[in-house]
Amino acid sequence: MALADIGQQITLDVIMSAVFGIEDEAGATAAESAVRASMIRLLQLSTHPLATAVQLVNARSPEPRGVLRMILRPLDRAIYAVIAERRREGADGADGAGRSDILTVLMAARDDDGAPLPDSEIRDELLTLVLAGHETTSNSVAWTFERLTRNPGVYRRSVEAARSGDEAYIEALINESMRSRPVVPVVARELLSDWRFGPYVVERGVIALVSILLLHHREDLYPRPFAFDPERFLGVKPSPQKLMPFGGGTRRCLGAALAMAELRAVVTQILVRVDLAMTDAPAEQPRHRNVTMIPAHGGLVTALAKD
Ligand code: HEM
């Protein structure tokens, strides 16, 4: 089975619950289910080789254009339908009653002049959270097991750790997985002023890219950088300058703490509940999807029947 697909069901459940307050799929409205289905479809489409061309056409455009606009339409329709549903609930006098989800908070937000957020802005926030909030985490789960099933010694040690409640080792395993396979391999900043970087001066307006992938493979920071070895993080608090799977600075990932909690729970439970077959298949190649780097076969594993 491909763990990215199973991971996606779990991480989508988590983020749909946080953002829309949907506790289980059966209780979701038709519009809420449509958001979920369109999101999965959109992600599938965005792995298509042509997707990169579509992204390039849209580079630096603040609004989606052409094919992208068309592809996004069903998702937009579903999101605006959910917002309208919630507004109707409000009109019926049930405005946010008993709800603590992010959509309720966004709808109640007011700017300094007392004006609510326009629907288009609420849509942007919801889309960002649902997309950024699940695809990354599910592929981190997939990469973790792609690495583990090719490193039997580390797998055995991880199973032992999960089954004996050794949280420090699981944390080290997750750090090592995100070091060697950072799902977001690069982050970007547009320079608002000239920037001195070592002997260089980079001019204002330039888009500077930081390669997380290269940083994580620097031999001076990580001896034997291509080995998969969680021990390197045991008893070590990773420096934010050396390990940055969540980016850094003021725009560091908003969901890093939630993502780590999800990873700890999901990785531990898989290690506890199923035995996986080791493989001598070549490492899965990375595949580009939007801003993410995902395993080409979705982290394919074979689960063994338990005795
Ligand atoms: C393993 C899981 C995840 C990884 C590897 C990851 C990685 C990242 C990275 C690299 C960035 C860009 C940071 C920068 O430019 O310095 C980012 C931004 C962001 N992430 Fe995550 N993320 C993960 C999970 C999540 C989750 C669960 C959520 C939501 C609950 C989330 C929400 C966001 C948001 C909203 C931003 C934009 C922040 C901003 O621009 O101010 N992410 N993430």
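Every number here is computed from the coordinates shown, using simple stated rules; none is lab data. Quick caveat: nothing in here was measured; it's all calculated off a predicted structure. Neighbour counts are summed over all protein chains in view; Cβ atoms, including those assigned to glycine, are modelled from backbone coordinates with ideal geometry.
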Next on the checklist: Can you go through 58, 139 and tell me which one is touching a helix residue (DSSP H, G or I) at 6+ places or on another chain (Cβ under 9 Å) and within 16 Å of the ligand (Cβ to nearest atom)?
Outcome noted: 139
Item to check | Candidates 75, 43, filtered to the one that is among the hydrophobic types (A, V, I, L, M, F, W, C), touching a residue at least 60 places away in the same chain (Cβ under 8 Å) and under 30 Å from residue 104 (Cβ atoms) | outcome: 43
Checklist outcome for this item: Filter the stretch 273-307 for residues that are of a type in the set (A, V, I, L, M, F, W, C) and closer than 19 Å to residue 137 by Cα; the one that is surrounded by the fewest Cβ atoms within 10 Å (Cβ to Cβ) is 296
Checklist entry - Does residue 158 satisfy the condition of being in contact with a Ser or Thr (Cβ under 8 Å, 6 or more places away or on another chain), surrounded by 14 or more Cβ atoms within 10 Å (Cβ to Cβ) and among the polar types (S, T, N, Q)? => result no
Checklist entry - Does any residue of the stretch 68-77 turn out to be away from the ligand (no atom under 16 Å from the Cβ) and not in a helix (DSSP H, G or I)? => result no
Checklist entry - Exactly one of (1) of a type in the set (Lys, Arg); (2) surrounded by 13 or more Cβ atoms within 10 Å (Cβ to Cβ); (3) more than 11 Å from the ligand (Cβ to nearest atom) is unmet by residue 181. Its number? => result (3)
Checklist entry - Which numbered condition trips up residue 222, out of (1) away from the ligand (no atom under 11 Å from the Cβ); (2) hydroxyl-bearing (Ser, Thr, Tyr); (3) assigned to a helix (DSSP H, G or I)? => result (3)
Item to check | the stretch 232-291, residues that are within 16 Å of the ligand (Cβ to nearest atom), part of a loop (DSSP other than H, G, I, E, B) and over 14 Å from residue 134 (Cα atoms) | outcome: 238, 239, 240, 241, 242, 243, 244, 245, 247, 248, 252
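Listed here are the residues, each with its yes/no results for (1) under 15 Å from residue 273 (Cβ atoms); (2) in contact with an Asp or Glu (Cβ under 9 Å, 6 or more places away or on another chain).
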position	(1), (2)
151	no, yes
162	yes, no
168	no, no
178	no, no
184	no, no
187	no, no
Item to check | Out of 132, 142, 168, 162, sole residue that is within 17 Å of residue 10 (Cβ to Cβ) and more than 20 Å from the chain's Cα centre (by Cα) | outcome: 162
Item to check | Test for residue 200: is it touching a residue at least 60 places away in the same chain (Cβ under 8 Å) and either within 8 Å of the ligand (Cβ to nearest atom) or more than 22 Å from residue 288 (Cβ to Cβ) (or both) | outcome: no
Checklist outcome for this item: Going through the stretch 14-41 in order, the residues found to be crowded, with 16+ Cβ neighbours inside 10 Å, within 16 Å of the ligand (Cβ to nearest atom) and assigned to a helix (DSSP H, G or I) are 14, 15, 16, 18, 19, 20, 35, 36, 39
Next on the checklist: Among the residues in the stretch 107-119, are any in a helix (DSSP H, G or I), free of Cβ contacts under 8 Å to residues at least 60 places away in the same chain and either under 20 Å from residue 288 (Cβ atoms) or out of contact with any Phe, Trp or Tyr (no Cβ under 8 Å at 6 or more places or on another chain) (or both)?
Outcome noted: yes
Next on the checklist: Can you tell me which of (1) surrounded by fewer than 18 Cβ atoms within 10 Å (Cβ to Cβ); (2) part of a helix (DSSP H, G or I) is the one residue 150 doesn't meet?
Outcome noted: (2)
Checklist entry - Can we say residue 250 is free of Cβ contacts under 8 Å to residues at least 60 places away in the same chain and among the hydroxyl-bearing types (Ser, Thr, Tyr)? => result yes
Checklist entry - Is one or more of the residues making up the stretch 142-157 more than 14 Å from the ligand (Cβ to nearest atom), β-branched (Val, Ile, Thr) and closer than 21 Å to residue 18 by Cα? => result no
